[in-house]
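Values in this text are rule-based calculations from the coordinates and carry no lab data. All of these numbers come straight from a predicted model, not from anything done at the bench. Using ideal geometry, Cβ is built from the backbone for each residue, glycine included, and neighbour counts are taken over all protein chains shown.
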Amino acid sequence: MQLKYSALFQQQCFINGEWLSIGGEKEVITNPSNGEVIGHVPVMGANAATQCVDAAHQAFEQWRQTTANHRADILRKWYELMVEHSDDLATILTLEQGKPFAEAKGEIAYAASFVQWYSEEARRAYGEIMPSHRPHSKIVVTKQPIGVVAAITPWNFPAAMITRKAAPAIAAGCAMVLKPAPETPFTALALAKLAEDAGMPKGLFNVITGDAIAIGSVFTTDKRVRKVSFTGSTHVGKILMNQSASTIKKMALELGGNAPFIVFDDADIDAAVEGAMIAKFRNAGQTCVCANRIFVHDAVYDEFANKLAKKVSALKVGDGFADQVVIGPLINAGAVAKVQAHVSDALEKGAKALCGRLADKGQLFVEPFVLTEMDDEMLAANEETFGPVAPLFRFYDETEVLERANNTESGLAAYIYTRSLGRAWRVADALEVGMVGINEGLISTAAAPFGGIKESGLGREGSHHGMDEFLEMKYMLMGGLDQ
Ligand code: NAP
């Protein structure tokens, strides 16, 4: 691995400000593009997880006393280091995750934007003074950091899913223990190295790799952990929520989606095709806000399908470091098998493929698909495909499409393309989701509250709402003010 700053490649965990390997067992981390070994990380368990919580708890007691200005300065430094080392961070990210290098650089910029945003937001954890219900008194509301936060993150955005949690937590005055996804630990450890370089005190930000179940059970049952913030599947989210019930932890759950992407007959079709390309094929279709069901009005169905297929057929698939590649490998064989199952099921039930080719045996590269004549009974309509497959469903009117779009347990993102202002408002209001792109295919930004409803989760990340997730309100009734 060619890095300008070689210390960014760490193969040990970061606990209480030290780089450690406890126990001898190691996990091998491979490049999804070619199966080559990138390096190893320690397999840690419950004892090391408790050590992380000990360290974070101690660090929290000091950190909560610091001024907002001090926290802002440290976060600003972390942000600047991420920008300075963005080529190296993107190299590590592409190696372990597979996404094309340009896209990995985009993710690092996006990840850094949360650190920048919350370095500024740190100074704005304002309280309130309210008119009291009693004479000679005031109601005062202050905001205090919640305490030790445990974070568990997925492999699809190995940098951004971490900073979206860590930056607001640290800005608020909390300390963090993090378990990154086992597929992508090196990006997390590189971020920890830069946190160390930025001057974060020991124990404030700890990264542990290893046994998810053992570490997760410490995170969810240790009384000193006051909040669990998880991004990943709905299935695991439910397990963690159950486990956290015994100590009534505050939860943030950013879970799976099944986003409808609706193209009305009055839409700008070229813009809708562009939007679908971004909403569907970013990160090879492995995003929680991916367009999973593309509903197209009958009157524009053929035009949209043909224009989309033309663009999709031109997408170059390959190793993330190769020239002009825009679709990298999927993360692992399980991801390829899921795509295969969804495509085969659709074709068996009457769908047609305008383009696309499944991965060769033993490979993780899928040539992106456009499937037409989909129906709501097919697997791809009911589960996240999490791969480069664009399934097109035909619809005839607004009421019908709304009912179909909402017919899912997920409620993360939705997209609509229309030129009618009235329809845009009507449909956006009625969609059962946390986020709607209206004539836009890319909605994620540090400036906006990201999150879902229904089984897509709890809480929001980004914007000032993302900071409130790590703060508790304390109400004080101040009486005797006539004395
Ligand atoms: P996942 O299987 O739920 O895993 C996520 C993380 O949870 C991994 O680090 C995993 O570690 C850990 N984990 C699994 N079982 C655990 C347990 N019992 N206790 C503690 N930790 C446990 O999800 P994924 O496949 O990595 O990620 C894809 C999913 O994330 C998709 O559903 C996607 O929609 C969702 N996602 C949501 C958002 C959002 O903001 N809503 C953003 C990105 C991704 P191990 O692998 O070691 O088990």
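3J(HN,Hα) along the range 370-380: 10, 10, 10, 6, 7, 10, 6, 8, 6, 3, 5 Hz, from the Karplus curve 6.51 cos²θ - 1.76 cosθ + 1.60 with θ = phi - 60°, whole Hz, x for Gly and Pro. Once Rg and the Kirkwood radius are both taken over the C-alpha atoms of the range 1-131, their ratio Rg/Rh works out to 1.05. When the C-alpha to C-alpha distance is required to be over 32 Å, the pairs from LYS179/LYS474; LYS165/LYS352; LYS4/LYS227; LYS105/LYS349; LYS227/LYS361 that qualify are LYS165/LYS352; LYS4/LYS227; LYS105/LYS349; LYS227/LYS361.
Only Cα pairs under 8 Å and at least 6 apart count here; give the relative contact order of the chain as a rounded whole percent. Please list the in-between numbers first.
Details: 1122 pairs, mean separation 86.9, N = 483.
The value is 18 percent.
Where in the range 353-393 does the amide nitrogen come within less than 17 Å of the point 7 Å from the Cα of GLU303, taken along Cα to Cβ? It comes to no residues whatsoever. At a Förster distance of 56 Å, what's the computed FRET efficiency of SER344 paired with ARG123, Cβ-Cβ distance as r, to 0.05? E between SER344 and ARG123, to the nearest 0.05, is 0.55.
Footprinting exposure proxy ranking of THR153, THR66, fewest other C-beta atoms within 10 angstrom first, gives THR66, THR153.
Dipole of the range 429-483, Cα-centred, from +1 at each Lys and Arg C-beta and -1 at each Asp and Glu C-beta, to the nearest 20 debye? Spell out each step's value before the answer.
On the way: 3 positive and 9 negative charges, 14 e Å.
Taking the Cα centre of the range 429-483 as origin, the dipole is about 60 debye.
Residues TYR5, TYR118, TYR79, arranged from fewest to most other Cβ atoms within 10 angstrom of their Cβ, appear as TYR5, TYR79, TYR118. Cα centroids of the range 446-469 and the range 212-275: 10 Å apart. Neighbour counts of C-beta atoms inside 10 Å place LYS338, LYS227, LYS361 in the sequence LYS361, LYS338, LYS227, starting with the fewest.
Subtracting the Cα-Cα distance of ILE248 and THR50 from their residue separation scaled by 0.36 nm leaves 69.4 nm. Under a crude label model (7 Å from the Cα following the beta-carbon direction), how far is SER313 from LEU477 in nanometres? Using points 7 Å along Cα→Cβ, the separation is 7.3 nm.
For GLN363 and ASN16, what does the FRET efficiency come to when R0 = 56 Å and r is the distance between their Cβ atoms, rounded to the nearest 0.05?
Numbers: r = 42 Å, r/R0 = 0.74.
Taking R0 as 56 Å, the efficiency between GLN363 and ASN16 is 0.85.
Derived scalar couplings between HN and Hα for the range 173-190 equal x, 8, 10, 10, 10, 10, 10, x, 5, x, 6, 9, x, 6, 5, 4, 5, 5 Hz in order, rounded to whole Hz, by the Karplus curve 6.51 cos²θ - 1.76 cosθ + 1.60 (θ = phi - 60°), x for Gly and Pro.
Put a plus charge on the Cβ of each Lys and Arg, a minus charge on the Cβ of each Asp and Glu, and nothing anywhere else: the dipole of the chain about its Cα centre is then about 1440 debye. Using just its DSSP H runs of length 4 or more, each adding -39500 (n - 2.57), the chain gives a mean residue ellipticity at 222 nm of -12000 deg cm²/dmol after division by all residues.
Which order, highest average first, do 461-471, 423-433, 154-164, 122-132 follow once you tally other Cβ atoms within 10 Å for each residue and take the mean per peptide?
Descending packing order for the listed peptides: 154-164, 461-471, 423-433, 122-132.
The calculated FRET efficiency for VAL37 paired with ILE278, based on their beta-carbon distance and R0 = 35 Å, is about 0.60. By the Kirkwood approach, averaging reciprocal distances over each pair of separate Cα atoms, the range 204-245 gets a hydrodynamic radius of 11.0 Å.
Look at the dipole of the chain built from charges on Cβ: of ASN69, VAL339, LEU402, the Cα furthest out on the positive end belongs to ASN69. Each listed q (0.08, 0.11 Å⁻¹) maps to a log10 I(q)/I(0) for the chain, found by the Debye formula over equal Cα scatterers with no solvent: -0.49, -0.90.
In debye to the nearest 20, how big a dipole does the range 339-450 give about its Cα centre with +1 on each Lys and Arg Cβ and -1 on each Asp and Glu Cβ?
On the way: 9 positive and 18 negative charges, 89 e Å.
Computed charge dipole of the range 339-450: roughly 420 debye.
Ranking GLN97, VAL41, TRP155 by how far each Cα lies toward the positive end of the dipole of the chain (charges on Cβ) leaves VAL41 at the top. Fully extending the segment from GLU27 to THR399 would add 128.8 nm, taking 0.36 nm per residue of separation and subtracting the current Cα-Cα distance. Projecting the Cα atoms of PHE9, VAL225, ILE438 onto the charge dipole of the chain (Cβ charges, centred on the Cα centre) puts VAL225 farthest toward the positive pole. Of the trypsin sites (Lys or Arg not before Pro) found in the range 296-336, the ones in coil according to DSSP and having at most 16 other Cβ atoms within 10 Å of their Cβ are LYS316.
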